[in-house]
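Report on one structure; see the data block that follows.
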Amino acid sequence: MRTRRKTLAALLLGLAALFGLGGGPASADHAGSPGAQATGLHISDGRLVESNGNDFVIRGVSHPHTWYPGETQSFADIKAKGANTVRVVLGSGQRWGPNSPGDVAGVVDRCKANRLICVLEVHDTTGYGEEGAAASLDQAADYWIGLQHVLAGQEDYVIVNIGNEPYGNVDASRWTADTAAAIAKLRSAGFAHTLMVDAPNWGQDWEGVMRASARSVHAADPTGNTVFSVHMYGVYDTAQEVDDYLNAFVGAGLPLVVGEFGIDHTDGNPDEDTIMATTTRLGLGYIGWSWSGNSGEVAYLDMVAGFDPDRLTEWGQRFFNGANGIRETSREATVYGGGMADGTRRPASR
């Protein structure tokens, strides 16, 4: 999460629609069926599903674990607010961390103990090409391979978000080849998890690179189990921009989540109401940024003040308790029993 550029966004996204995902059904490739090696959470018919075939719609919160490793109570607190997923910030050692295999194993255990699906992400890739210290996706893949022994067998509970916002606004066109290569590297190493890939342009894809090339990247995964993640901040400050982007993926039969968004941002005021309403209508996942601990200039993105669950901020109140929010729309993964946000149970399929 950081300042992004909006210049020419609408024009370029429109061109991407013409040449990439602009309309029409999904082709009969990986987008339409689970991969032969599907294990645990996987993609089927362009949807994220559990091993039993039940739709799983992510309703999650990002938690800045690598910067606040002592805030382990946050996992239980996030669950108590009704979330079904936590997106955990990790460091590979290039800029932050590294979070050790033992630490990551402990994170997964806390997710499972609190009946949360665990999206693990490497933050060091943020703004690669524009931020000199950022790690490449290839380096991030190497970090994941070093964690494979603690992640193997956790495919029902863990999604691997290869790298956060892996390109800034410089050379973003390289995202396509680098993302496909990182996916191939992890699959060759034996990873069977669902993989999540963030868009370039600080996650916002205002140049339309991910939107235009998503089908080819998805086809690069021999299992077909890759889900795309767009981050929606100031580029998505109108309902039309939000709706156009989300509907492009749904229309193409390709899996998408809003992997980050907030109530405001330095590059513009995102339309969080439309983000939450449209993802709910389309059955898409979303993950809000973030639980607590944001630096002063973006402290308005804290959902709770000082990691205290009893001190909801304006953003936290909107996210958890507002229309199309967590309390209203979150459903627990069936691998944990399928409880709803209010504690009642739901059927194993729908």
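Looking at the stretch 326-335 only, could you name the residues that are more than 21 Å from residue 278 (Cβ to Cβ) and either touching a helix residue (DSSP H, G or I) at 6+ places or on another chain (Cβ under 8 Å) or not in a helix (DSSP H, G or I) (or both)?
As a first pass, look at the stretch 326-335 and keep what is more than 21 Å from residue 278 (Cβ to Cβ): 332-335.
332, 333, listed by residue number.
Limited to the stretch 282-325, what total is found for residues that are charged (D, E, K, R), over 30 Å from residue 249 (Cβ atoms) and not in a loop (DSSP other than H, G, I, E, B)? Give the steps one after another, and end with the answer.
Here is the first cut: in the stretch 282-325, the ones charged (D, E, K, R) are 297, 302, 308, 310-311, 314, 318.
Imposing the further condition that a residue be over 30 Å from residue 249 (Cβ atoms) reduces the set to 297, 308, 310-311.
When the remaining residues are screened for being not in a loop (DSSP other than H, G, I, E, B), the result is 297.
So the answer is 1.
From the list 192, 199, 184, which one is under 16 Å from residue 123 (Cα atoms), out of contact with any Cys (no Cβ under 7 Å at 6 or more places or on another chain) and hydrophobic (A, V, I, L, M, F, W, C)?
On the way: 192 fails: under 16 Å from residue 123 (Cα atoms); 184 fails: under 16 Å from residue 123 (Cα atoms).
After ruling out the rest, the residue left standing is 199.
Cβ-Cβ below 8 Å, separation at least six or inter-chain, first residue in the stretch 308-331 and on the phi > 0 side of the Ramachandran plot, second of a type in the set (Gly, Ala, Ser): which pairs?
Correct list of pairs: 324/277.
Residues in the stretch 157-164: is at least one of a type outside the set (A, V, I, L, M, F, W, C) and in contact with a Pro (Cβ under 9 Å, 6 or more places away or on another chain)?
no
Tell me which residues, restricted to the stretch 230-245, are within 17 Å of the chain's Cα centre (by Cα), in a helix (DSSP H, G or I) and either surrounded by fewer than 24 Cβ atoms within 10 Å (Cβ to Cβ) or hydroxyl-bearing (Ser, Thr, Tyr) (or both).
Result: 236, 245.
Every residue in the stretch 221-265 that is of a type in the set (Gly, Ala, Ser) and touching a strand residue (DSSP E or B) at 6+ places or on another chain (Cβ under 8 Å), please. Working first, answer last.
Residues of the stretch 221-265 of a type in the set (Gly, Ala, Ser): 224, 229, 234, 239, 248, 251-253, 259, 262.
224, 229, 259, 262, listed by residue number.
Just the residues that are surrounded by 23 or more Cβ atoms within 10 Å (Cβ to Cβ) and either under 15 Å from the mean Cα position of the chain (by Cα) or more than 18 Å from residue 193 (Cβ to Cβ) (or both), please, taken from the stretch 105-126.
Answer for the stretch 105-126, where residues must be surrounded by 23 or more Cβ atoms within 10 Å (Cβ to Cβ) and either under 15 Å from the mean Cα position of the chain (by Cα) or more than 18 Å from residue 193 (Cβ to Cβ) (or both): 116, 117, 118, 119, 120, 121, 122, 123, 124, 125, 126.
Looking at 155, 130, 165, which one is farther than 15 Å from residue 91 by Cβ, crowded, with 16+ Cβ neighbours inside 10 Å and touching a Ser or Thr at 6+ places or on another chain (Cβ under 6 Å)? Can you show your working first?
Numbers: 130 fails: touching a Ser or Thr at 6+ places or on another chain (Cβ under 6 Å); 165 fails: farther than 15 Å from residue 91 by Cβ.
Result of the check over 155, 130, 165: 155.
The rows are residues; the columns are (1) part of a loop (DSSP other than H, G, I, E, B); (2) within 10 Å of the chain's Cα centre (by Cα); (3) surrounded by 24 or more Cβ atoms within 10 Å (Cβ to Cβ).
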| residue | (1), (2), (3) |
| --- | --- |
| 170 | yes, no, no |
| 175 | no, no, yes |
| 180 | no, no, no |
| 184 | no, no, no |
| 192 | yes, no, no |
| 197 | no, yes, yes |
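So, in the stretch 133-143, exactly how many residues are over 14 Å from residue 174 (Cβ atoms) and either out of contact with any Lys or Arg (no Cβ under 9 Å at 6 or more places or on another chain) or acidic (Asp, Glu) (or both)?
4
Working carefully through the options 70, 102, 127, find the one that is of a type outside the set (A, V, I, L, M) and on the phi > 0 side of the Ramachandran plot.
127
Which numbered condition in (1) touching a Lys or Arg at 6+ places or on another chain (Cβ under 7 Å); (2) surrounded by 21 or more Cβ atoms within 10 Å (Cβ to Cβ); (3) closer than 30 Å to residue 190 by Cβ is the only one that residue 260 fails?
Evaluating residue 260 over (1) touching a Lys or Arg at 6+ places or on another chain (Cβ under 7 Å); (2) surrounded by 21 or more Cβ atoms within 10 Å (Cβ to Cβ); (3) closer than 30 Å to residue 190 by Cβ leaves (1) as the failure.
Please work out which residue is farthest from residue 49 (Cα to Cα), limiting yourself to the stretch 233-277 and to residues that are free of Cβ contacts under 8 Å to residues at least 60 places away in the same chain and aromatic (Phe, Trp, Tyr).
It comes out as 236.
Just need a number here: residues in the stretch 101-146 that are in contact (Cβ under 8 Å) with a residue 24 or more places away in the chain and assigned to a loop (DSSP other than H, G, I, E, B).
Residues that pass the stated criteria total 11.
Restricting to the stretch 204-223, count the residues that are part of a loop (DSSP other than H, G, I, E, B), crowded, with 24+ Cβ neighbours inside 10 Å and not polar (S, T, N, Q). Break it down into steps so the answer makes sense when it comes.
Step one: filter the stretch 204-223 for residues part of a loop (DSSP other than H, G, I, E, B), giving 204-208, 220-223.
Pick out the ones that are also crowded, with 24+ Cβ neighbours inside 10 Å and you get 204-208.
With not polar (S, T, N, Q) added as a condition, the list becomes 205-208.
Residues meeting the conditions: 4.
Rule-based calculations on the coordinates, nothing more; no lab input. On a predicted model such as this, the values are computed, not experimentally measured, just so you know. Here Cβ is always computed from backbone atoms with ideal geometry, including for glycine, and neighbour counts include all displayed protein chains.
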